[in-house]
Amino acid sequence: MASPDYDYLIKLLALGDSGVGKTSLLFNFTDGEFNAGFIATVGIDFREKRVTYTSRNGEKSKVHLQLWDTAGQERFRSLTTAFYRDAMGFLLVFDLASEQSFLNTRNWLSQLESHAYCATPDIVLCGNKADLDEKRQVSSERALQFAKEHGLPYFETSAATGENVEESIMHLLDLVMKRM
Ligand code: GDP
Ligand code: MG
């Protein structure tokens, strides 16, 4: 049997309310592009990317990233909860221009606590649409305070400009790899 041409297969899952930019963030990361149109994700979908991971001691490994994309409207349905169990890390996304999506991150966190592979999984919090400055409803201070309370790393991202997209996902990968 042929052995795979990567060292690690890492599955990350993006979650958060519908419309916050999960699909756009993953698309920006894998394809470096942005589409302004709304493409509703039906159920669950995944994108893939090969990256090189460099550990603390400088050792390089080939990582095959599987980025699972959930649909926000499926929030309390069992369809997506099965996928929580397989994911090794979570990108929890809200929209900086939607206070409601920020308030809902609490619900997403409790979903993770009950459905993820363990009660304290690796999670990175992303306040997305940072480019929509004049529409912002959630201040950096407030988001940071929330992130701190829950012990989450926090990034302000933009799928439109690419700001912090790679940084947030690679930070999550780093957390996951430290557990391996
Ligand atoms: P999802 O439901 O969480 O997957 O959200 P989508 O990726 O489908 O994005 C919802 C809408 O927000 C689309 O119209 C996107 O073009 C837009 N969008 C997503 N990310 C950004 C961003 O960072 N900045 C701006 N300005 N629009 C964004
Ligand atoms: Mg989507």
- Given the chain, what percent of its DSSP beta bridges are antiparallel, to the nearest 5? 35
- Given the options 120, 23, 105, which has the most mean-square fluctuation in a GNM of the chain, springs set between C-alpha atoms less than 10 angstrom apart? 120
- Degrees, to the nearest 10: 165-179 long Cα axis against longest axis of the chain: 50
- Taking the stretch 80-180, the whole-percent share of alpha-carbon pairs separated by over 25 angstrom is 17
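Report the relative contact order of the chain, percent, no decimals, based on alpha-carbon pairs under 8 angstrom and at least 6 residues apart. Could you put the intermediate results ahead of the total?
Working: 335 pairs, mean separation 44.6, N = 180.
Rounded, it is 25 percent for the chain.
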- Item | Under-17-angstrom lysine pairs by C-alpha in the chain, whenever the two are 8 or more apart or on separate chains | 10
- Query: Tilt of helix 105-115 relative to the longest C-alpha principal axis of the chain, in degrees (0 to 90, nearest 10)?
  - Reply: 40
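Could you size up the charge dipole of the stretch 44-160 around its Cα centre, putting +1 on the beta carbon of Lys and Arg and -1 on that of Asp and Glu, and report it in debye to the nearest 20?
That gives a dipole near 320 debye.
Which value in deg cm²/dmol, rounded to the nearest 500, describes the helix-derived mean residue ellipticity at 222 nm for the chain, given -39,500 (n - 2.57) per DSSP H run of n ≥ 4 and division by the residue count?
-10000 deg cm²/dmol
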- Message: Shape verdict for the chain, please, from the Cα gyration tensor: rounded (a/c under 1.5), prolate (a/b greater than b/c) or oblate.
- Response: rounded
- Pairwise FRET efficiency - residue 3 versus residue 166, Cβ, R0 = 41 Å, nearest 0.05: 0.90
- Message: If I fit a long axis through the Cα atoms of helix 140-149 and take the longest principal axis of the Cα atoms of the chain, what angle between them do I get, 0 to 90°, rounded to 10?
- Response: 60
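Laboratory data are not the source of any read-out in this text; all were calculated from the coordinates shown. Everything quoted here is computed from the prediction, not taken from an experiment. Note that each Cβ is placed from the backbone with ideal geometry, even for glycine, and that neighbours are counted across all protein chains shown.
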